[in-house]
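Encoded as structure tokens, the structure appears first; notes follow it.
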Amino acid sequence: MKSAHRHIGATIAIAAAAALLSAPATAHDAEAAKALIKRNDCGKCHALAKTKKGPSYKKIAKENRGKADVEAKLVKHLTSSPMVKLEDGTEEEHKEIDTKNPAELHNLVQWILAQ
């Protein structure tokens with residue numbers, strides 16, 4: 001009987017480990033990210049799937065997902081007001097996001113990359 005309990009316990013442990021490994025590496029709070037986007041009027045230039053003045057979040061994710069240091073690069077972009085090339089070929093200064101909170105920035109970048 002002890003052997004059966006050990007087997008069941010080992011099976012449960014393996015299943016739990018597999019569930020953890022198959023979960024996203026970094027979960028994000030979509031509602032908090034969307035609230036930050038709304039608060040900063042990002043929708044003026046960006047949309048989820050549609051190109052506006054700037055690229056869609058889906059396009060940003062596709063172009064950046066998996067790149068080295070992607071989070072640091074996107075955080076720098078959001079917090080440093082760089083010059084950006086718009087979809088029509090003109091350039092303008094990207095609006096700096098109104099937070100320096102690392103957790104909020106991390107959450108926003110993870111939400112963008114998940115699109």
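Odds and ends about this structure:
- Under 20 Å of direct C-alpha separation, and excluding same-chain neighbours fewer than eight residues apart, K38 reaches these lysines: K50, K52, K53, K58, K59, K76, K95, K100.
- Applying 0.36 nm per residue to the separation of K59 and H106 and subtracting their alpha-carbon distance, the gain on full extension is 15.1 nm.
- Two-site label geometry, E96 and A114: point separation in nm, points 7 Å out along Cα→Cβ: 2.8 nm
- Derived scalar couplings ³J(HN,Hα) [the stretch 44-53; Karplus, 6.51 cos²θ - 1.76 cosθ + 1.60; whole Hz; x for Gly, Pro]: 5, 10, 10, 10, 4, 10, 9, 6, 10, 4
- Take the convex hull of the alpha carbons in the stretch 27-113; its mean projected area over all directions comes to 5.3 nm².
Every read-out reported here was derived from the displayed coordinates using simple, explicitly stated rules and does not represent laboratory data. Since this is a predicted model, take the numbers as computed values, not measurements. So basically every Cβ, Gly included, is an ideal-geometry build from the backbone, and we count neighbours across all protein chains shown.
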